[in-house]
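In what follows, a structure is listed as structure tokens, so that the remarks can point back to it.
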Amino acid sequence: MTKDLKRVFLEELRSVKSMTDLSHLRVKYLGRKGIITLELRSLSSISPADRPAAGKKITSIKQFIEAEFAVVESILKREELQRELQANCIDVTLSGKFVPFGRQHPISRMLSEITDIFVTMGFGIEEGPEVESDYYNFESLNIPKDHPARDMQDTFYINDDMVLRTHTSPVQVRVMEKARPPLMIIVPGKVYRRDADITHTPMFHQIEGLMVDRGITFSNLKGVLEAFLYHLFGPDTPVRFRPSFFPFTEPSAEVDIGCILCGGDGCNVCKGSGWVEILGAGMVNPVVFENVGYDTEEFSGFAFGMGVERIAMLKYSIDDIRLFFENDIRFLRQF
Amino acid sequence: MLVPFQWLKEFIDITDHAQEVARRLTMAGLEVDALVKHMDGDIVMEVNVTPNRPDCLSIIGIARELSAIYKIPYRFPEHSVAASAGELGLNVDILDTNLCHRYAGRVIRGLKVEARRTPEWMQNRLQRCGIRSINNVVDATNYVLLELGHPLHAFDLQRLKGSNIRVGTPEGIKGQWAMASIETLDGVEREISGDDLLIWDAEDPVAIAGVMGGLDTEVNNSTVDIFIESAHFHPPSIRRTSKRLGLKTESSYRFERGTDIKMLKKALDRATFLIREMAGGVICGKVDIYPKNYRPAEIEVRCEKINKLLGLALSSQEIVSCLKGLGFEIKDAPDKLSDRLIIKTPAYRRDVEREADVIEEVARIYGYDKISASLPMATLSIDKQKEGDKRRSVKDEISGSLLKSGFTEAINYSFMGIQDIDLLGIGADDSRRAGLIQIMNPLRVEDSFMKTTIIPSLIKNLVHNVLHGSRELRLFEISKVFIGNGSSRLPEEREHVAAIYYKERVKSLYRDDTDDFYIVKGVAEAVFNNLKIYDYSFRRSSEAYLHPGRSADIFIGNDKIGYLGAISPAVLGSLNIKRHKASPVVVEIDIESVISSITEEIKYKPMPRFPCIERDTAIVVDSSLESSMVIKWLKLYPSELIEDVYIFDLYYGKNIPEGKKGIAFNVRYRASDRTLRDDEIDELHSLLVDYVIGKTGGELRQ
Ligand SMILES: [Zn+2]
């Protein structure tokens, strides 16, 4: 009988295709009126002597059936999960939902990159007004009225004594008036010149630097600026310093790097010379120190300035400066 | 300055080829921009002469500089003139010795002026240097101008009335308030101010000193006798006159930078020599009025200071050799043992005035490239954080928030026009109109003012991009605005941030029907939250160019710090964007106010230890009631157990009466010291709901 029971059970179990079938079968065998339950209950009608053996037998069948049920149930559950997952299938080849991304303006990027290099060296950031007095923009920097040096910068005037600053240099004077050396500052900002063509815009960005302390030398000026240029353009970049003229520095220098476009062979960008001008610099003119009340015997220092657009144009191979201010998204997205 | 190489070689024996000479000049501070090769093999160097070096605005000046660089001698051209054969016959007088420091001249009679008599070699050289050949006399004076750097002027002697030459201003000659007028060589009648220096004959002005001669006394084919002028004028005066008249000539260019008062006579003799060769004639006397002899300044220089500033260790002999090469005179130091030098500069180097200038000369001739680079020994200073550092970090945070929200950064010019202010409908009392700062000399009339708001530029950027096919755009800009105060003080400059959002409704796989206003508002809130500013609020705005139903002013505490909203359809109509497309939403915030609201301190608050209980409720209120009122009353209810409230639904229509709206909100309760019981919260929540209903005049939605 037991053998039959197992065989019949296994046969019925094989036809189970779903959890519902399974629970029906469970009721049939293990339910309150199920076959096994009834068998167990009928034990009481068996003679006490046979009862343990019969009980053991029916219990073992019950354990067998329960084990089988457990196995089938786990298989069925797995199959059901599979079916559910199948039903939830989507087209993974459709493009995802667009997440808009913003881009920093190339000039801002360049400004940050340059400022970061100097901040790492220990320079602090200062700012100053863009509408500036004639005194700070010119006079205090040793550029008197009626001096040809004023021709170097075409100026926007608000009135006779107020201009749009033509360089970030007035901030040097403003800072020195308020603080005593040692000073290590850089001044990023907008400047204005009355000029417009493919290499000039009426507004552009400059970064000015100033270092004043005891015993600062021209050799230090070279050291700091070379370190900066190697950082920005790579350690193998050729760098040269040549004499120039700025009224507020003495000696003055212009700093060139080997043309990155032609590698020094000569091209349109470097006008065939193999060099491109990148920085203006010099030792602070004692006249400027006198204007801010610094003792020229005790302190010396250097200042430098650079055009950010120019550097960005070189680094990104941009040939028209006006692109920076058109704000065409197709341009801005490339940075 | 254009320098033909063959001409240069007449004055200095250089064996290097032009390319190398150009490199040496560049490395000594005379940057050679280009070398142009001509058919006959001559090479013209384009030298960029800085404003402090007028002494290099001549062939001889470049030769002199090369002589210092190469340490070889240079020489002058032939300029010996036979003794005069007669009287000058001219009365010369300097009336203003402050503006004219020396005035010399020669008379040549009986010469032959001819337009095509100038030798070809001279015509070629003039042409190569950018000067047109006129006639043999004028060409000779121009040739000397290029060769020796000294401008000269030739007058037709017979047209000078009264055999008289006077140097003075209209006020000096004719008295206070006087003016004058003169027709110059270019045929233009010019009004001359009372303090401009002129050359006069017995009656009228005959030349604008140092700038241009008069047409009346011009040397032409009918001229027989000439007077050649060679003078020295006060540079700032020439510059003022040239600027005032808008007249810039080869002559004024040199005079305003400063000419060599000693070269003046050589130049006069050289021109006389050349004119005699080319036009014949007899030299009849000369004049040279030189009221106050030029005495070069003596500059004291310390060798130790030179080395200290440059970071070099030059011997005093090396320094002296550099300076002597430049034509500087070295006087013995008062004390032979000290390292002091007394230096006298030549008359053509008036730019060298102080010790620092001499240091530059030494460095230049020694060679910048020979000075080694070294990093400074820094003095450590524990400074308080620089104002600029703090501003930078706030601006970085703000732009970071916007970049993460998908906004791309724009940079526009700081200019705007009155048309922009009109477009935005900004009123007369608004500081954005009343505080406009006007530029005297703008490049375009539309750019005549400094920005008082960033929005117009962003609108222009939007129009540009939409015209080029953008259907969605998010741009922002951080920039200063300028508010004038009507006085002569500098205007107030305030950093602003503004953004523009634009999205056309296009078919898309994924639905997103959030109103654009709320997208931008969310971005603005993110900016504040990122800076840990939480007491901001939004109130309906009255900004004229924004949609009245879709705009809000932004407050921190009780201060208005910006605004946000959809651009009104009326404004959109005048832009180049089609009406049926989306309307852009803009926001502008004053960063200065934001900076002053930032509290730097961060204090940790422990995380809650006990669970919370949440309750949702919907009420019906008048549709005009703004949801912020509901939040306000919920937050004002006096219970410490209310942790947070937020609105999660807002609905109209079905089951809601006309003129009403449903608002559903969630309240989260929590105690810091115990687990709350459901029944106590049920009671508290129903009191809260009654309170809010009472305050808002709403009713519970069933
Ligand atoms: Zn190149």
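Every read-out reported here was derived from the displayed coordinates using simple, explicitly stated rules and does not represent laboratory data. Please read these numbers as outputs of a predicted model, since none were measured by experiment. Backbone-built Cβ (ideal geometry, glycine too); neighbour counts: all protein chains shown.
Observations
- The helices (runs of 4 or more DSSP H) found wholly in the range B:207-290 and carrying at least 3 residues that are surrounded by fewer than 20 Cβ atoms within 10 Å (Cβ to Cβ) and without any contact (Cβ under 8 Å) to a residue 60 or more places away in the chain occupy B:235-245.
- Hits in the range A:258-274 - residues which are surrounded by fewer than 21 Cβ atoms within 10 Å (Cβ to Cβ) and hydrophobic (A, V, I, L, M, F, W, C): A:I260, A:L261, A:C262, A:C267, A:V269
- Number of the condition not met by B:I299 [criteria: (1) assigned to a strand (DSSP E or B); (2) over 36 Å from the mean Cα position of the chain (by Cα); (3) within 13 Å of chain A (Cβ to nearest Cβ)]: (2)
- A single member of A:P202, A:P286 is more than 19 Å from A:F118 (Cβ to Cβ) and either without any contact (Cβ under 8 Å) to a residue 40 or more places away in the chain or within 16 Å of the ligand (Cβ to nearest atom) (or both), and it is A:P286.
- Test result for B:I365, closer than 30 Å to A:I216 by Cα, touching a Leu at 6+ places or on another chain (Cβ under 6 Å) and either β-branched (V, I, T) or at the interface with another protein chain (Cβ under 8 Å from one of its Cβ atoms) (or both): no
- If the condition is being of a type in the set (G, A, S) and touching a Ser or Thr at 6+ places or on another chain (Cβ under 9 Å), then the range B:645-685 contributes B:G659, B:A664.
- Residue within the range B:394-412 that is among the basic types (K, R) and touching a strand residue (DSSP E or B) at 6+ places or on another chain (Cβ under 6 Å) present: yes
- A:T237 within 14 Å of the ligand (Cβ to nearest atom), within 14 Å of chain B (Cβ to nearest Cβ) and hydroxyl-bearing (S, T, Y): yes
- Taken as a whole, the range A:84-96 holds no residue that is more than 9 Å from chain B (Cβ to nearest Cβ), surrounded by 12 or more Cβ atoms within 10 Å (Cβ to Cβ) and part of a helix (DSSP H, G or I).
- Assessment of the range A:166-187 against the conditions (within 35 Å of the chain's Cα centre (by Cα) and within 7 Å of another protein chain (Cβ to nearest Cβ)) yields at least one matching residue.
- Within the range A:110-122, residues that are at negative phi have Cβ atoms under 7 Å from residues that are part of a helix (DSSP H, G or I) and of a type in the set (G, A, S) in these pairs: A:M110/A:A312, counting only partners at least 6 apart in sequence or on another chain.
- The combined condition, being within 16 Å of the ligand (Cβ to nearest atom) and closer than 24 Å to B:I371 by Cβ, is not fulfilled by A:S244.
- Applying the criterion of being polar (S, T, N, Q) and part of a helix (DSSP H, G or I) to the residues of the range A:104-153, the residue that is nearest to the other protein chains (Cβ to nearest Cβ) is A:S108.
- Qualifying position, being in contact (Cβ under 8 Å) with a residue 40 or more places away in the chain, buried (at least 20 other Cβ atoms within 10 Å of the Cβ), over 20 Å from A:G272 (Cβ atoms) and acidic (D, E), among B:E10, B:E78, B:E65: B:E65
- Listed by first and then second residue, the pairs linking a residue in the range B:463-485 that is within 9 Å of chain A (Cβ to nearest Cβ) and among the hydroxyl-bearing types (S, T, Y) to a residue that is buried (at least 22 other Cβ atoms within 10 Å of the Cβ) and assigned to a loop (DSSP other than H, G, I, E, B), with Cβ atoms under 6 Å apart and 6 or more places separating them unless they lie on different chains, are B:S479/B:I454.
- Number of positions in the range B:486-496 that are within 8 Å of another protein chain (Cβ to nearest Cβ) and either touching a Lys or Arg at 6+ places or on another chain (Cβ under 7 Å) or over 14 Å from B:F449 (Cα atoms) (or both): 3
- Residue check: A:G266 meets all listed conditions (1) free of Cβ contacts under 8 Å to residues at least 24 places away in the same chain; (2) away from chain B (no Cβ under 13 Å); (3) of a type in the set (G, A, S); (4) out of contact with any strand residue (DSSP E or B) (no Cβ under 8 Å at 6 or more places or on another chain) but one, namely (2).
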